[in-house]
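Okay, structure first, notes after.
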There are 2 protein chains.
Amino acid sequence: MTQPSDKALVPFVSVDNMMRLIHHVGIEPMLRDLADYIEADFKRWELFDKTPRVASHSDVGVIELMPTSDGEAYGFKYVNGHPKNTSEGLQTVTAFGLLADVYTGYPVLLTEMTILTALRTAATSAMVAKHLAPKDARTMAMIGNGAQSEFQTLAMKAICGIEAVRLFDIDRAASEKCARNLAGLGVDVTLCQTPEQAIEGAQILTTCTADKQCATILTDNMVGSGVHINAIGGDCPGKTELAPGILSRSDVFVEYPPQTRIEGEIQQMPEDFPVTELWEVILGRKPGRTSARQITLFDSVGFAIEDFSALRYMRDRIKGTTFFEDLDMLADPDDPRDLFGMLLRAQP
Amino acid sequence: MTQPSDKALVPFVSVDNMMRLIHHVGIEPMLRDLADYIEADFKRWELFDKTPRVASHSDVGVIELMPTSDGEAYGFKYVNGHPKNTSEGLQTVTAFGLLADVYTGYPVLLTEMTILTALRTAATSAMVAKHLAPKDARTMAMIGNGAQSEFQTLAMKAICGIEAVRLFDIDRAASEKCARNLAGLGVDVTLCQTPEQAIEGAQILTTCTADKQCATILTDNMVGSGVHINAIGGDCPGKTELAPGILSRSDVFVEYPPQTRIEGEIQQMPEDFPVTELWEVILGRKPGRTSARQITLFDSVGFAIEDFSALRYMRDRIKGTTFFEDLDMLADPDDPRDLFGMLLRAQP
């Protein structure tokens, strides 16, 4: 075989290497590092090329490409969403991502992003809660105990100092799975019979359910003053989790209004419903939490810049490690005009 | 390490395996097979999801994602365009592509596409020329002798019966490189001093130059009646190769008018300049060549469906072969809700 030049080689992080890296770094330190990268990119929000995601819909799901660029690096994530997959033993969401050098257009990293997305989503939630939740928050209600629940819990522990989590899911087995996975990880876990029981005494309410329909996971009368709501599950058109009354009583914070108005909880509200962009809070330009009785609400839908931050982190973190392999992905003839000659010389 | 399930594995065709496959199949047979796949997809043009390409521009180049779907499979190509790369010893264009199953959202193929794009571009040109060029065409003028020139020549030989090619490039070394590469491949090669000399006696005129500016590779008085012009190089805003007078005298055929009006030769013409969509010619709904004196012109810009056809071909062709490796790219826990448990169990 011909030897590809090193420019032709793209570092690739497999699922197995991603898991090895996470255990090498530690789950909580990695969540903290990711939150730092994400926060740094929120602080330079304005310079990003914010293309809307490009979606291809079918009867059973959606495949999306989420590109963005900071002018030096370009990243995109491929992600599918197929709610019916779970019943067939497949993931609802799988993802991979790529980072490239804007100056040459050459890819510099390819990585699995199913696990990385779970980490970046949790890290984003916790980074936002650090800015918006009551400072003395020690208990989180976790409503919806699917694939994201353990990551959310550990991120809130690592970044916001959460000590206890109260679990509720309409499927008791999901709560039991979550409790089992969290055992021994330093969080006090309580299984609850109802959503009302789960939110008792919690300062942070995280909702992360998977139904693709307008559901009401939290009703208006369930939510008291002074809490921070971290609403993860409403993330596509037609999918919401919160009663409109809660939104009316809350100060709502979003990643990117044009996307959140279509995909988030606020799709239930009028088009001019007031929201605050998180990057402005993080930069100190807009107020976040201003009183102990205020309800703050992060209407999370997941934005391309968070994936970009995660890709940046991975590029930096794997340097000099063994947590990747080189993929011979780019044809790179010695003379750029001589692609055909390279092919000819490869003849066995 | 943990063993990924087979659903988590994505067949990957490296540059080396692509070259091995091409030599295994044979360059000309592979060009013919690709042309058949592309023609088949042009015949079902209407059912494709024709998203415009998503471009991220910088001062020095562009990075694009080109997605499409036929409802069963979804494909996209990542491709960059950096004209200044050549002077730095890098490829102007590099590419890779992915095919996924629409029903599950799971990727089913990842492949290098720098070489594959060269093949599919040439196969498209020749498939179109088969429909539009004079049936007795035996000589092609090849103006611009860069990376695409040998592929164009061999595709025209394999699919249209071209026996002779007349080469011209402003850089004599490029023509010499092309002639050297084509030696012994069954085409009669003539090096020419001027474009005028190159088009003498040629029934097919292929232009494929790389300048990103409005250039005039063919002037109006150079082009006589009865020829087919295969204009490859004008493929982005501000980049054209033909004098407007040629367009006025020709019947112009295009892949996808909304894209060609921005990127193709016809960007020089009024917005209502008449064009014929190729898929309608291939389906027999619209006339192609109607007289021996007519000038037919394929204003080629390259469309996502051609990449999709190439990805489909690769998926089918590598089955049961050794021309790929399996990438552990998708996290696939036994219980889809238990992503965290899979991570925990991977702890060393």
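Quick notes on this one:
- Dipole magnitude (debye, nearest 20) for chain A, charges at Cβ of Lys, Arg, Asp, Glu: 680
- For the range B:123-302, the mean projected area of the C-alpha convex hull, equal to one quarter of the hull surface, is 9.0 nm².
- Assuming charge only on the beta carbon of Lys and Arg (+1) and of Asp and Glu (-1), the dipole of the range A:123-303 about its Cα centre is about 440 debye to the nearest 20.
- Inter-chain shielding of B:319-331 (mean C-beta neighbours from other protein chains, 10 Å cut-off): 5
- Multiplying the residue separation of B:Leu283 and B:Asp101 by 0.36 nm and removing their Cα-Cα distance gives an extension gain of 62.8 nm.
- Here is the list for the range B:136-238: GluC sites (Glu not before Pro) lying in DSSP coil, each with at most 14 other C-beta atoms within 10 angstrom of its C-beta, are B:Glu163, B:Glu200.
- DSSP finds beta bridges in chain A, and of those with both partners inside it, around 50 percent are antiparallel.
- Residues B:Ile170 and B:Lys84, FRET efficiency given R0 of 22 Å [Cβ-Cβ distance, rounded to 0.05]: 0.80
- Inter-label distance for A:Gln268 and B:Ser225, nm, one decimal - labels placed 7 Å from Cα along Cα-to-Cβ: 7.2
- For residues of A:23-30, the mean tally of beta carbons on other chains within 10 Å: 1
- Helix-derived mean residue ellipticity, 222 nm - over chain B, DSSP H n ≥ 4, -39500 (n - 2.57), to 500: -10000 deg cm²/dmol
- In this assembly of identical copies, the label point of B:Asp272 (Cα plus 7 Å along Cα-to-Cβ) is separated from its counterparts by 4.0 nm, sorted shortest first.
- For chain B, alpha-carbon Rg relative to the globular expectation (2.2 N^0.38 Å, N residues): 1.05
- What you get for the protein assembly as shown, charging only the Cβ of Lys and Arg (+1) and of Asp and Glu (-1), is a dipole of about 20 debye around the Cα centre.
- Ascending distances from the A:Gly226 label point to its copies in the other chains, with the point 7 Å along the Cα-to-beta-carbon line: 9.3 nm.
- Computed log10 I(q)/I(0) for the range A:252-326 at 0.20, 0.28 Å⁻¹: -0.89, -1.29, from the Debye equation with unit scatterers placed on every C-alpha and solvent omitted.
- Reciprocal mean inverse distance between Cα atoms of the range A:81-223 - Kirkwood radius, Å: 16.4
- Copies compared at B:Thr194 - label distances in nm, ascending, label defined 7 Å from Cα in the Cβ direction: 9.3
- Charge dipole (the range A:105-228, unit charges on Cβ, about Cα centre) - positive-most of A:Gly224, A:Gly146, A:Met113: A:Met113
- Helix A:149-160 and the longest principal axis of the Cα set of chain A meet at an angle near 80°.
- Taking one quarter of the surface of the convex hull spanned by the alpha-carbon atoms of the range B:202-324 gives a direction-averaged projected area of 9.4 nm².
- Sorted on the mean count of surrounding Cβ atoms within 10 Å across their residues, most packed first, peptides B:133-142, A:282-291 read B:133-142, A:282-291.
- Each of A:Ala183 and B:Leu47 was given a label point 7 Å from its Cα along the Cα-to-Cβ line. The distance between the two points is 5.1 nm.
Values in this text are rule-based calculations from the coordinates and carry no lab data. Keep in mind that what you see is a predicted model, and the values were worked out from it rather than measured. No Cβ is skipped: glycine too gets one built from the backbone with ideal geometry, and neighbour counts run over all protein chains shown.
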